[in-house]
Amino acid sequence: MTREPDELAHFHPFDLLDTEAERLDRHFSRLGAEAWNLPSRCEGWSVRDVLAHLAGEELYNHACLDDDVGGFFAMLAREGVEGGLAGFNDWCVRRRRGLPVEDVLAEWRHRNAETRRRMRALGRDAVLPTAAGPYPVGLQAFHYASEYATHADDVRAPVGEDETDRRIWWRTEVGVFALAERDPAVQVEVTAERVWVCAHGVCAQVPAPVFVEATVGRLPEGLPLDRALGDAFDRELRSELRCLA
């Protein structure tokens, strides 16, 4: 079970989680009929599909909170869901495409509020059963907050100028943690202006926003990590940095 690193100790994971969930809720609540069908940054998904994904994954979140991960996988087997996480995500989206969007939003809003309330009540040092084994609740909240922030950007939810810098800061630190958790061989050093990254002899210095987009797999193909890298090294380092998507 991973311990929370000192770099994340000064962030409040449940506050970050609430902030990003509320950002999504505000944005979804203001959308008109046509906006739901616009493409998101998630390949193949509309804005509506992103909401359906968020609503569906609460099944897993609640299974962890209920200590019933086994029951969750048994349910997927009964439903004929295959293909791991990608298959589950696709199933969550498909089964909600025929529902009124207002119902899907109400489902997500209710279930997500319960998830956040229960996680906060447990506290960041409590242990949560997950598909990967026992995991600290606070660290799980950081992962969820990162996902919500990514999907908020996917559906173009507004971010105020007064929160942009802090949002990039905490997302950078969570990305650094997730890389260390997944592959300690990937070296990362955060400076005041840029992030230095090195993996298997390939190194680059990138702005923090670019680093964040790389960790969540949203960096556009036409935007290099570092112009000093060749195309092959750029692709290799992108693959190594993707750890939160």
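The values are calculated or read from the model by the stated rules, or taken from the named source; none is laboratory data. Remember, predicted model here, so these are calculated numbers, not experimental data. Here the Cβ positions follow ideal geometry from the backbone for every residue, glycine too, while neighbour counts run over all protein chains shown. These area figures cover heavy atoms from the full protein model, side chains too; ligands, DNA and RNA do not enter into them. Shrake-Rupley method; radii C 1.70, N 1.55, O 1.52, S 1.80 Å.
Within region 127-163, the set of residues being free of Cβ contacts under 8 Å to residues at least 12 places away in the same chain and over 27 Å from P209 (Cα atoms) comprises A132 only.
Screening R167 with (1) open to solvent by 40 Å² or more (accessible area, probe 1.4 Å); (2) over 23 Å from R48 (Cα atoms); (3) modelled with pLDDT of 95 or more gives one miss only, at (1). Taking G138 as the residue in question, decide whether it is open to solvent by less than 70 Å² (accessible area, probe 1.4 Å) and on the phi > 0 side of the Ramachandran plot. Here the answer is no, as G138 does not meet what is asked.
Matching residues to (1) under 15 Å from the mean Cα position of the chain (by Cα); (2) more than 23 Å from R116 (Cα to Cα); (3) among the hydroxyl-bearing types (S, T, Y):
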residue: A141; (1), (2), (3): yes, no, no
residue: D154; (1), (2), (3): yes, no, no
residue: E173; (1), (2), (3): yes, no, no
residue: F177; (1), (2), (3): yes, no, no
residue: D183; (1), (2), (3): no, yes, no
residue: E189; (1), (2), (3): no, yes, no
residue: A214; (1), (2), (3): yes, yes, no
residue: E221; (1), (2), (3): no, yes, no
residue: D231; (1), (2), (3): no, yes, no
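Criterion first (part of a helix (DSSP H, G or I), buried (at least 18 other Cβ atoms within 10 Å of the Cβ) and out of contact with any strand residue (DSSP E or B) (no Cβ under 8 Å at 6 or more places or on another chain)) does E22 satisfy it? It is false that E22 is part of a helix (DSSP H, G or I), buried (at least 18 other Cβ atoms within 10 Å of the Cβ) and out of contact with any strand residue (DSSP E or B) (no Cβ under 8 Å at 6 or more places or on another chain). I'd like to know if region 186-195 contains one or more residues that are of a type outside the set (K, R) and in contact (Cβ under 8 Å) with a residue 40 or more places away in the chain. Checked region 186-195: at least one residue is of a type outside the set (K, R) and in contact (Cβ under 8 Å) with a residue 40 or more places away in the chain.
A count restricted to region 57-68 and to residues that are open to solvent by 30 Å² or more (accessible area, probe 1.4 Å) and under 18 Å from the mean Cα position of the chain (by Cα) stands at 2.
The rows are residues; the columns are (1) among the acidic types (D, E); (2) open to solvent by 20 Å² or more (accessible area, probe 1.4 Å); (3) assigned to a loop (DSSP other than H, G, I, E, B).
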{"position": "D15", "(1), (2), (3)": "yes, yes, no"}
{"position": "D49", "(1), (2), (3)": "yes, no, no"}
{"position": "A55", "(1), (2), (3)": "no, no, no"}
{"position": "G70", "(1), (2), (3)": "no, yes, no"}
{"position": "G80", "(1), (2), (3)": "no, yes, yes"}
{"position": "C92", "(1), (2), (3)": "no, no, no"}
{"position": "L99", "(1), (2), (3)": "no, yes, yes"}
{"position": "E102", "(1), (2), (3)": "yes, yes, no"}
{"position": "H110", "(1), (2), (3)": "no, yes, no"}
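Residues that are surrounded by fewer than 17 Cβ atoms within 10 Å (Cβ to Cβ), in a loop (DSSP other than H, G, I, E, B), touching an Asp or Glu at 6+ places or on another chain (Cβ under 9 Å) and of a type in the set (S, T, N, Q) do not occur anywhere in region 25-45.
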